[in-house]
Amino acid sequence: MIETHVDRARTAVEREREVLSEEGSAYEAFRRRVESLSAAEIGRGAGVGGTTHGGVATRTAHGDASGGACEQVREAFAETVRPYSVDDVGEEPLLETIREELGDGIALALAPTTETAFTPQTKGAILTATRERWRGIDATIDALDSEAESLRAVGETVDEITDWLAAADEMPLSSLGFDELRERHDRLAEFRDRCERLLDDRQELLLTTTGRNHSADVAHRSLVRYLYSSLPVVYPVLSTVTRLYDVLEECQRAVRDHLTRRV
């Protein structure tokens, strides 16, 4: 069986889904470790000389006894989430990874140079950012599942048609009778119709968005462009099915020529 762009796309989806599932589990482990830490009340608001950054309280005048908790949060992040976030960025500083994953406010609150108060508000802000990131991963996994189902359906049809073409190619058109030629012409027309439906369904899927809240929605077209950036074509399904449609049209034209000469 000939490997197509669709087959390579299916491999890419399976690999990405596995990575995201592991990353989602890592975020869940990070959330549990943050939840287990005790938060200290430091008084009303952010405290004397305090400021807030994205809902996170910091102290700018005096150190905070709960600073050790922030160190534990950094350690928890480094041991759970970070391995899945820096696979392709080399020696990225830990706080830069935290900023990319959880936002500027969280990174500032957790920086050793920031005299941070690990208050209930700080803890809550970290957990909220973590849940948002997890929801984004969950929405992407849902989109990957939709993509995998689309690829499965396309792959089955492509395999069926290419297998039929390979078998039909073994019998020269000159050896077929008029009725056999007409039957082959009709079968090719049916296959072309199926390819057109696949292309229509694919275009509809590319226009969809997956997610349960606006901040975590995943545009399917953007996902596809990311998933297949390393493949020879950006849209492997459209490329494969369009090429197959053209082959069917060429075959049908050849059969029609033979039919015309037999009339």
Failed condition for THR52, given (1) surrounded by fewer than 19 Cβ atoms within 10 Å (Cβ to Cβ); (2) in a helix (DSSP H, G or I); (3) at pLDDT below 95: (2)
Note: among GLU28, GLU92, GLU71, just one is at pLDDT below 95, among the charged types (D, E, K, R), assigned to a helix (DSSP H, G or I) and more than 30 Å from ALA153 (Cα to Cα), namely GLU71
Would the stretch 129-142 turn up any residue that is within 30 Å of ARG221 (Cα to Cα) and either more than 23 Å from the chain's Cα centre (by Cα) or without any contact (Cβ under 8 Å) to a residue 40 or more places away in the chain (or both)? yes
The one condition GLY105 fails out of (1) at pLDDT 95 or above; (2) surrounded by fewer than 20 Cβ atoms within 10 Å (Cβ to Cβ) is (1)
Which pairs turn up if I take residues in the stretch 167-187 that are closer than 18 Å to VAL247 by Cα and of a type in the set (S, T, N, Q) and look for partners that are assigned to a helix (DSSP H, G or I) and open to solvent by less than 80 Å² (accessible area, probe 1.4 Å) with beta carbon separation below 8 Å, at least 6 apart in sequence or on another chain? none
So for the stretch 158-177 (the condition being at pLDDT 90 or above and in contact with an Asp or Glu (Cβ under 8 Å, 6 or more places away or on another chain)), does at least one residue qualify? no
Considering the stretch 169-223 alone, what residues qualify as being touching a Phe, Trp or Tyr at 6+ places or on another chain (Cβ under 6 Å) and among the β-branched types (Val, Ile, Thr)? none
When TRP134 is run through (1) modelled with pLDDT under 95; (2) out of contact with any Ser or Thr (no Cβ under 9 Å at 6 or more places or on another chain); (3) part of a helix (DSSP H, G or I); (4) surrounded by fewer than 16 Cβ atoms within 10 Å (Cβ to Cβ), the failure sits at (4)
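The values are calculated or read from the model by the stated rules, or taken from the named source; none is laboratory data. Remember, predicted model here, so these are calculated numbers, not experimental data. FYI the Cβ positions are ideal-geometry reconstructions off the backbone, even for glycines, and counts take in every protein chain you see. Only protein heavy atoms, including side chains, enter the accessible area calculation; ligands, DNA and RNA are left aside. Shrake-Rupley method; radii C 1.70, N 1.55, O 1.52, S 1.80 Å.
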